[in-house]
Each structure stands twice: as C-alpha cells, then as structure tokens.
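Each remark here refers to the structure printed beneath this line.
The values are calculated or read from the model by the stated rules, or taken from the named source; none is laboratory data. Since the model is a prediction, treat every value here as computed from it, not as a measurement. Cβ placement follows ideal geometry from the backbone for every residue including glycine, while neighbour counts extend to all protein chains displayed. Note: areas computed on protein heavy atoms with side chains; ligands, DNA, RNA excluded. Shrake-Rupley method; radii C 1.70, N 1.55, O 1.52, S 1.80 Å.
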Amino acid sequence: MNRPTCNLCRSHAAAPLDIGEPAAKVGYNVICEICGLIFHYPAMSAEEMKKFYVDDYSGNYSASETIGRDMARGRIAFLQQQIDISKVETALEIGCAKGEFLSELNIAGVPAEGVEPSQAMAGLGSNTYGVKITGSVYDDFPLRPGYYDLMSMFHVLEHVSDPLSMLQRIKKELKPDGYLFLEVPTIAECQLAIVFKAIHPTTFVAETLTAMLVEAEFEVLHSAENGYHLRVLAKPASLPATPIYPAADVVKTRVYTYLAERRRVVEGILGKMQCLIHKGTGAIYGAGLNTLDLDLVFPLKQLKLDAVFDSDTRKHGNTILGLPIQDPAALQDWNGEYVIISSYAFQAEIVRQLEYLKARGVELITLYEWNGHE
Ligand SMILES: [Zn+2]
C-alpha cells in the first residue's frame, strides 16, 4: 500500500495494525513506526462517516441527556480542582453536543459558548439550556486569536481528520495564560465498547496525545486515565519543545493486550447473558452508558426485563432502552428473578447495596471479574 503521512510526526512509516474486527466497524488502522500514533489509512469517506454518525448517535435521548449532565458535573469538579474558574471570562467548547458542559459552566458562573457541527443538536441545546451554541464545524467558526481563557473538547479530537492542525488553531485562539481541557477515549480499561471505531480516525494513548500537544506548542499540566477516558489539561507553552515519542512496539503490545483482555471480558459477559434468556422477569441496575454498551453486545430485548434501577434521582421518570428508570427503593416490592449490575466502576458498591435481595432469592448478575472502585 502507499504509505500515508503520519498526522503527528509527518513521516511515511506507518504499517497496518490488525484489530481483529471488520473494517466497517473499526476502520483501517495503521501505526506509525516512528511516533506510535494509531490512525486510519485509508481514511473513510465523508459519506461513510456520515452513515456511522447517524447510526451511532441516534441513541436514547433521555438517557444520553442524564448521562451528559453527570459527565459535565464530573468535568467541572475536576476543573475546579485544577484552576480558578472564577477568572475565566471567555470559554469555548468545540463539539459541545447539546451543551450540558456549557450549561454547568454557566451555573458555576462562567460565561461560555459552544460550536457544534450538528445543527439539530445545537438548536436543541440552545432551547433546552439557554446556552449559546453556533451550529457549525469548528473550521468554519470565526478565528479569534488570543481570545479565550478556556477551550474544551470532549471526545472530539479522535473524530477529526487532522488533529494536529486543530490543536495548532486552538493554541492560536487561547490567551497565553489560557487552558485547553480535553478528553479522548483510550486503550485503558476494558469495557464493552471497543475504543477503535470507524468514526475514530485517530486512537490516542497518553504518550501520543502528549506528543501531539507538545508539537502544537502546548505544555501538558495534567494527563490521567479515568476509565477509558484520557483526560488532559494543557496550556500554551512559553517555549517550543521537542515531542517525545513512545516506541511503536510498546504501543502495539498495549493494543494487543487490550484486545485480548476485551475478548475475554465480552465472552464472559455473553455467557452470563445467554443463561438469562430462559429465566423469568429481570431488571438492570444502572441507567448509564454501560447499559447501552451491554445492549450493543447482547441485544437486551432477548430478556424479559421490566425496569432499570438507578440511584440518581434526576434520571427517575425517564426511560432507557424503552424501560422506565426507577428509584432503587422500588426494588423492595419488585418481584423479578435477577438484577443485572451493568456498572464497571461501581460494581462492588452496588452488590453491597443489593445484597439484601439475595435473601429473597433474587440473583445478582455482575459483568466484570474486576471488583474495584474508581
Ligand atoms: Zn508518526
């Protein structure tokens, strides 16, 4: 094949990286032998990408809204630990979706606006939260050099065809003492959703994201994996520096370890779900992304589920996968045979809370062998 130009080091030394999944699902991944960046080559056409966006993002509205707010609050809490947000006067979120993060920033007293490629999403967000969202791609949004105190983007950089150029533009638009706050998915903890996707032209690890930020003249202040999210806080560097690249073999080994672990996790979960098909009524504990991911791997319509329980009162009265989200207190009078605990991070804690159901013969189904807590 023709060797592509690497989006990080601009060399022509990328080789195919076999993910073991169909290209229609994960794209054609290559890894740069010089800098370890994983990216798609050939890239998917705009038409193909569009199809995936429609399929991937037409999820349950009320569920995604409540999850969006949860995540936004977590991000604001992190930001408040790192910087004095009361000093932020100009903030832009790129790819803000319905603007939950912007809305939470506004609530925290920070004026903020967003730019969102989906006109429908932008309109919905403006109407729902009263936040300022421009329906546009960032490339067409007016350039404001040295204007912003804070720029943020969550799960955006892995979707763009030239992430380095995007970071270079962001650097231009930030004030010298401004901040960039971003998250991308990464090959860290294994959950049900695979990190390699047809709509992710780039898959980052911490080292390649840091190297790309340094290349774009940023200084990384904080970089940490939180579940499969890689969260970074950076600021414009006072002096340009030379990026440090990870060894491609080290990144490759991590990818193969991740894939083997994920296969094991998925097979274990499928085995458990198969056993439930012939049982009576069941329920799920956890009205979040883990439950939506579970449904993708094992369509939950195959089970006789009648409710989803979640301790977050803001979710009660909404639905997820067509099932009503209820207060866990309602489990007292619930007559089903089993409860599937879909959470990854809080599995052990939820098992402890629901332990009392076992006395009634209710089976608690956990998905992960790992029993930790974030
Ligand atoms: Zn490279």
If I take the Cα coordinates of the chain and project them onto the principal axes, what are the three extents in Å, biggest first? 65, 49, 37
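What does the helix-only formula give at 222 nm for the chain: each DSSP H stretch with n ≥ 4 adding -39500 (n - 2.57), the total divided by the residues, and the result rounded to the nearest 500 deg cm²/dmol? Please report the intermediate quantities before stating the final value.
Details: 10 runs with 121 residues, N = 374.
Helices in the chain give a 222 nm mean residue ellipticity of -10000 deg cm²/dmol.
Per residue, how much accessible area does segment 187-251 have with a 1.4 Å probe, in Å²? Write out the running numbers ahead of the final one.
Values: 2340 Å² over 65 residues.
Result: 36 Å² per residue.
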With +1 on the Cβ of every Lys and Arg and -1 on the Cβ of every Asp and Glu, and nothing else charged, how large is the dipole of segment 275-366 about its Cα centre, in debye rounded to the nearest 20? 140 debye
Accessible surface of the chain, 1.4 Å probe, proportion on carbon and sulfur as whole %: 54 percent
Taking a ≥ b ≥ c as the square roots of the eigenvalues of the Cα gyration tensor, with a/c under 1.5 meaning rounded and otherwise prolate when a/b exceeds b/c and oblate if not, segment 275-366 is rounded
Kindly point out which whole DSSP H helices in the chain project their C-alpha atoms 18 angstrom or further along the helix axis while averaging a Kyte-Doolittle hydropathy of -0.5 or above. 248-274
In terms of modelled amide H atoms, which long-range or inter-chain residues lie less than 5 Å from the amide H of residue 222? 233
Reported to the nearest 10 Å², residue 189 has, with a 1.4 Å probe, an accessible area equal to 50 Å²
For segment 14-257, what is the percent of antiparallel DSSP beta bridges, rounded to the nearest 5? 55 percent
Selected from 81, 94, 155, residue furthest toward positive end of dipole (segment 14-257; charges at beta carbon): 81
Would you mind checking which residues have amide H under 5 Å from residue 340's amide H? H placed 1.01 Å from N; only 5 or more apart, or other chain. 283, 284, 285, 365
Heavy-atom accessible area ranking, 1.4 Å probe, most first, across 10, 169: 10, 169
Calculate the length of the line joining the C-alpha centroid of segment 1-45 to that of segment 277-340, in whole Å. 39 Å
Taking the Cα centre as origin and putting +1 on Lys and Arg beta-carbons and -1 on Asp and Glu beta-carbons, what dipole magnitude results for the chain, to the nearest 20 debye? 260 debye
